[in-house]
Amino acid sequence: IRDTSVTGVQTCALPISHVARTALGVLSDAGRTGRRQGLISFVQLSDIHVVDAQSPLRLEWTDRLDDPSPLPSTGLFTSSYRPHEMLTGHVADSMVRAINRIGSGPVTGKPFALAIQTGDNSDNSQLNEVRWNINVLNGGPVRFDSGNLTRWEGVADSTPLTYDPAYWHPEGNPAGKPVDHPRSEYGFPVVPGLLDAARRPFTAEGLTIPWYSVFGNHDGLAQGNFPASTLQLNLIALGALKIVSPPLGLDPGQLLQDLTADPGAVLTGLLSGATNAGVRAVAPDLNRRLLTRKQIVEQHFALGGAPFGHGFTSTNRQQGTAYYSFDQGQLRFIVLDTVNPNGYADGSLDKTQFAWLTALLAQSSDKVVLVFSHHTSDTMGNPLVATGGTLETRVTGATVLDALLATPSVIAWINGHTHRNKVTPRPRTGGGGLWEITTASHIDWPQQARIIEVADNRDGTLSIFTTMVDHAGPASAGAGTANAEQLAGLARELAANDWHDHGAGLGTPDDRNVELLVGNPLA
């Protein structure tokens, strides 16, 4: 079992060391420590991925096509299944608890002004996942369960008829069935009662600060790749049959090609019984229906919390868009919607949104600008447009980055998507530049969020401090399954031992607790 030592903070009571990074060529003397003034402190959450792990639309069965074997992994299906998916809501609640306990920036001491979740807040654009995500951040009664509310129905249970040893079964193997591979090959434990504990209602603490939302590809696309408006996919999500095991001899390359061309047809064919795929019955649930972007925006208004709509505006509600801006004192927050509704995980902007962005940037010379999106600049290479209508080339990441670099008031682009902590200098021609700050996910190890503080050094420079936050779950899973924090601790340990090694997300020391020096555009 891999060591799962906590690497971030759950309290800011102790001094925290920050690595100073000066790659943009901006320097400040050591005296800045005594003269700096905090401008803002806030928290970034990213890739929470609240999962309905019992949904018929889950594609867990594709995960094994990338299992370690004599053949090299394609890496195409490694995010289709994680052994701890039933605990994603508990991780989110435990992160909220950690943030509430910390309360303020460790460097400036300024109370957190807000939190912002940078996309993939839900996993599959389902109504129940969207509502779970909003409710766990707002606080109040939550229950991460669907379908039959009296028992678990999914790949993790130990039903003999559809038991598949490729998955982790926390209750153990049925009589006469082999021990599952995660236990026999990777040392996973038996945790009696886990599935019932995961379904158990509890009261989410809720953030004590306003929180804002950013749209991600898993929020806007089924499985983060396929247009959620597809009728066949919606019917499968609402249906009573779930694929557990793939047909024997399935070719990964051909499957990817077929899923790309027509995912609904592939899944409908497997569910029809025409192949030897393993299929089980599940209780259907209308709350699993897939939502459009406009409907997801509307949920942020319908469920309340502060601020009203969580950043989304009346224009977003009317037009079904998901980009907006707001000001906090001297700082301007610009939120982009980088999801390509035509499909695929990578992102881009439509031309209308890019025109809005460039116009807003031109009006922001009197502000310090922070830009937020789900995708990184390097993962916005998807220019795909819909066929049959008016075609236009979408705007990719390099062009967006050029626009931000052409605007001196922009000091940072903050995003997620890659599930990896990474901080990248983006220099401007002639000196200075901005920092691209990418934060790891809640679903993969190390399951971290990031505190971001902006301070004025009063010498023509700003310092952006970032500090990693671990959720409140204990480092050892031996604490039990009695409450959300204990379940979140188990989720972290399971994530650290995922055989597809999602643990690369930690990044280097230069990507975590850092001080990023940048010019002050208002000086």
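The values are calculated or read from the model by the stated rules, or taken from the named source; none is laboratory data. Please read these numbers as outputs of a predicted model, since none were measured by experiment. Heads up, the Cβs are rebuilt from the backbone with ideal geometry, glycines too, and the neighbour counts pull from every protein chain shown. Heavy atoms of the whole protein, side chains included, go into the accessibility calculation; ligands, DNA and RNA do not. Shrake-Rupley method; radii C 1.70, N 1.55, O 1.52, S 1.80 Å.
Just to be sure, is residue 199 over 27 Å from residue 484 (Cα atoms), modelled with pLDDT of 90 or more, open to solvent by less than 40 Å² (accessible area, probe 1.4 Å) and not small (Gly, Ala, Ser)?
No, not satisfied.
Limited to region 115-146, what total is found for residues that are open to solvent by less than 10 Å² (accessible area, probe 1.4 Å) and among the charged types (D, E, K, R)?
Result for region 115-146: 3.
Can you pull out every residue in region 459-481 that is surrounded by fewer than 22 Cβ atoms within 10 Å (Cβ to Cβ) and out of contact with any helix residue (DSSP H, G or I) (no Cβ under 8 Å at 6 or more places or on another chain)?
460, 478
Would you confirm, using the coordinates I've provided, whether residue 421 is crowded, with 20+ Cβ neighbours inside 10 Å and either over 16 Å from the mean Cα position of the chain (by Cα) or over 30 Å from residue 87 (Cα atoms) (or both)?
Answer is no for this residue.
Scan region 178-207 and report the pairs whose first residue is touching a residue at least 40 places away in the same chain (Cβ under 8 Å) and whose second residue is open to solvent by less than 70 Å² (accessible area, probe 1.4 Å) and of a type in the set (D, E, K, R), with Cβ atoms within less than 6 Å and a gap of 6+ or a chain change.
Every condition considered, the pairs that remain are 199/145; 204/93; 205/97.
If you scan region 436-458, which residues turn out to be open to solvent by 10 Å² or more (accessible area, probe 1.4 Å) and in a loop (DSSP other than H, G, I, E, B)?
Correct list: 445, 458.
List, please: which pairs have Cβ atoms under 8 Å, are six or more places apart or on different chains, and start with a residue in region 9-33 that is farther than 29 Å from residue 101 by Cβ and end with one that is of a type in the set (Phe, Trp, Tyr) and modelled with pLDDT of 95 or more?
Listed by first residue and then by second, the contacts come to 24/435.
Is it fair to say residue 383 is in contact (Cβ under 8 Å) with a residue 60 or more places away in the chain and either surrounded by fewer than 16 Cβ atoms within 10 Å (Cβ to Cβ) or over 23 Å from residue 32 (Cα atoms) (or both)?
For residue 383, the condition - in contact (Cβ under 8 Å) with a residue 60 or more places away in the chain and either surrounded by fewer than 16 Cβ atoms within 10 Å (Cβ to Cβ) or over 23 Å from residue 32 (Cα atoms) (or both) - is not met.
Taking interchain pairs and intrachain pairs at least six residues apart, which have beta carbon atoms under 7 angstrom, with the first residue in region 46-62 and touching a residue at least 12 places away in the same chain (Cβ under 8 Å) and among the aromatic types (Phe, Trp, Tyr) and the second open to solvent by 10 Å² or more (accessible area, probe 1.4 Å) and in a loop (DSSP other than H, G, I, E, B)?
If the second residue must be open to solvent by 10 Å² or more (accessible area, probe 1.4 Å) and in a loop (DSSP other than H, G, I, E, B), the pairs left are 61/246.
Within the set of pairs 6+ apart or on separate chains, which have a first residue in region 146-160 that is within 16 Å of residue 129 (Cβ to Cβ), a second that is aliphatic (A, V, I, L, M) and at pLDDT 95 or above, and C-beta atoms under 6 Å apart?
Pairs found: 147/282; 147/283; 154/53.
Can you name every residue in region 161-177 that is out of contact with any strand residue (DSSP E or B) (no Cβ under 6 Å at 6 or more places or on another chain) and touching a residue at least 60 places away in the same chain (Cβ under 8 Å)?
161, 166, 167, 168
How many residues does region 233-263 hold that are farther than 17 Å from residue 80 by Cβ and either out of contact with any Lys or Arg (no Cβ under 8 Å at 6 or more places or on another chain) or open to solvent by less than 50 Å² (accessible area, probe 1.4 Å) (or both)?
9
If I filter region 306-321 for residues that are open to solvent by 10 Å² or more (accessible area, probe 1.4 Å), of a type in the set (Val, Ile, Thr), within 30 Å of residue 44 (Cβ to Cβ) and assigned to a helix (DSSP H, G or I), do I get at least one hit?
Yes - at least one qualifying residue is present in region 306-321.
Would you confirm, using the coordinates I've provided, whether residue 216 is touching an Asp or Glu at 6+ places or on another chain (Cβ under 7 Å) and either of a type outside the set (D, E, K, R) or at pLDDT below 95 (or both)?
yes
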